[in-house]
1. May I ask you to say which residue of VAL160, VAL138 is touching a strand residue (DSSP E or B) at 6+ places or on another chain (Cβ under 8 Å), buried (at least 17 other Cβ atoms within 10 Å of the Cβ) and among the hydrophobic types (A, V, I, L, M, F, W, C)?
2. Considering every residue within the stretch 179-200, establish whether at least one is at pLDDT 95 or above, under 23 Å from SER291 (Cα atoms), under 15 Å from the mean Cα position of the chain (by Cα) and not polar (S, T, N, Q).
3. Could you list, in sequence order, the residues of the stretch 168-192 that are surrounded by fewer than 21 Cβ atoms within 10 Å (Cβ to Cβ), farther than 12 Å from ILE212 by Cα and in contact with a helix residue (DSSP H, G or I) (Cβ under 6 Å, 6 or more places away or on another chain)?
4. State which residue pairs qualify: first residue without any contact (Cβ under 8 Å) to a residue 60 or more places away in the chain and inside the stretch 285-301, second residue buried (at least 19 other Cβ atoms within 10 Å of the Cβ) and part of a loop (DSSP other than H, G, I, E, B) in any location, beta carbons under 6 Å apart, and separation of 6 or more residues or different chains.
5. Applying the selection to the stretch 179-198, what residues are more than 20 Å from ILE245 (Cα to Cα) and in contact (Cβ under 8 Å) with a residue 12 or more places away in the chain?
6. Could you check the stretch 61-83 and list, in sequence order, the residues that are within 24 Å of ALA315 (Cα to Cα) and out of contact with any Gly (no Cβ under 7 Å at 6 or more places or on another chain)?
7. Would you check if ASN121 is of a type in the set (S, T, N, Q) and over 22 Å from the mean Cα position of the chain (by Cα)?
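The values are calculated or read from the model by the stated rules, or taken from the named source; none is laboratory data. Computed from a predicted structure; not experimentally measured. Heads up, the Cβs are rebuilt from the backbone with ideal geometry, glycines too, and the neighbour counts pull from every protein chain shown.
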Amino acid sequence: MGKKVMVAGHLCLDITPRFAAGAKVDIGRVFSPGQLTNVGQAVLSAGGAVSNTGLAMAKLGLDVMLNGKVGEDAFGNIIRQFVGAERAAGLKAVPDQNSSYTIVLAPPGVDRFFLHYPATNDTFGADDVDYELAKQCVLFHFGYPPLMKNMYENDGAELVKMYKRIKQLGVTTSLDMTMPDLSSSSGRVSWKSILERVAPYVDVFLPSIEEIAFMMDRELFEKRKSQAAGEDATLAYEPGDFGDISDALLSMGIKIVAVKCGIRGVYLHTAGADQICAMGTACPGDVYVWSDRQIWAGSFKTEKFGSALGAGDAAVAGFLCGLVRGFSPEDTMQIANALGWQNVQAVDALSGISGWQSTLELLEAKDRARNPVGLSPDDWRYSPDRQVYYGPKDTK
């Protein structure tokens, strides 16, 4: 097996009804009272960051330990079957609690809708992590605290406690977010305050642009959402938005900021060499290649589209695999994009992802078409060889 990593946090059962390929779906009609809409066979899969990111990393050859909570119920049994007996050993089954589930509606041509029941995810706390196992790993990754009540209450006290204990072990840490539910307490807490408290213990931070804009600059989030006018909001964000937000995150103590930008790919901004050196067990072998970087890698174009379910988690898995295996920042970002491209070929979060060797072959295909990222050549320098853009703050 490859290097050992732990993936912890949000875990659920995803229930995804199939829609006919190419069908025009009127979502307003689907949700009309009394309306019946015929769909196809439902796809069942383990979901959440623990499954989506963890099992994708396992498919790429890393030795992955999973850490999450399920109930002792039918959904919990299904989740354990999906992750496999060996990895299920790291899951905590809680009596008298229900397992979490999500109904995923992903009709063609429409952004996904989610109906989510948090269940055991809301009770996950710092003491639910197996630190004896964690210290055997080169990387500890945690996903989706906005969907885990115990991790964001009290100004994120449990989240900070957990990351602080992991960093005391010398293990490299990473963190992924999801959009808070605006109608719940998750949408009302100060995420900027929580990030300020946990950032000194986070080495790699991998949010989407909308998630981090919501958390760091609500006014900017609302402005770009309004400008998008119901279309893909990631296209409304300007390069300067990414620079300002990543500057703020690096100043909080995060070492590597990798922002998922949907169809525009991945944006990277990193701290100085001294901070990169302090990352711990998964510190890059060439610290200076990773320090003071600002890079943008556009996503691969796809002719076949299943759904975007788990696309961000897949990109996170690719990025972290590239990092722990010693790849350059440019190649690590391309691996992230390759995993995202593989993911959207299928309806579920994992079946489109192939092995490590075929992923590397995608990197060699220099003629593969990319989606435009919308960068000014006056500020961003394009490298045809590396197929990435270097920003005004890149020092290499």
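1. Of the residues listed, the single one that is touching a strand residue (DSSP E or B) at 6+ places or on another chain (Cβ under 8 Å), buried (at least 17 other Cβ atoms within 10 Å of the Cβ) and among the hydrophobic types (A, V, I, L, M, F, W, C) is VAL138.
2. no
3. ASP181, VAL189
4. Once the first residue is without any contact (Cβ under 8 Å) to a residue 60 or more places away in the chain and sits in the stretch 285-301, its partners that are buried (at least 19 other Cβ atoms within 10 Å of the Cβ) and part of a loop (DSSP other than H, G, I, E, B) give TRP290/PRO284.
5. Once the filter is applied, which keeps residues that are more than 20 Å from ILE245 (Cα to Cα) and in contact (Cβ under 8 Å) with a residue 12 or more places away in the chain, the stretch 179-198 yields ASP181, SER185, SER186.
6. Here is the first cut: in the stretch 61-83, the ones within 24 Å of ALA315 (Cα to Cα) are 61-69, 79-80, 82-83.
Across the stretch 61-83, the qualifying residues are LYS69, ILE79, ARG80, PHE82, VAL83.
7. No: the conditions fail for ASN121.
Here is a yes/no grid of residues against (1) among the polar types (S, T, N, Q); (2) over 13 Å from LEU11 (Cα atoms); (3) modelled with pLDDT of 90 or more:
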{"residue": "GLY54", "(1), (2), (3)": "no, no, yes"}
{"residue": "LEU62", "(1), (2), (3)": "no, yes, yes"}
{"residue": "ASN67", "(1), (2), (3)": "yes, no, yes"}
{"residue": "ALA74", "(1), (2), (3)": "no, yes, yes"}
{"residue": "ALA88", "(1), (2), (3)": "no, no, no"}
{"residue": "ASN121", "(1), (2), (3)": "yes, no, yes"}
{"residue": "PHE124", "(1), (2), (3)": "no, no, yes"}
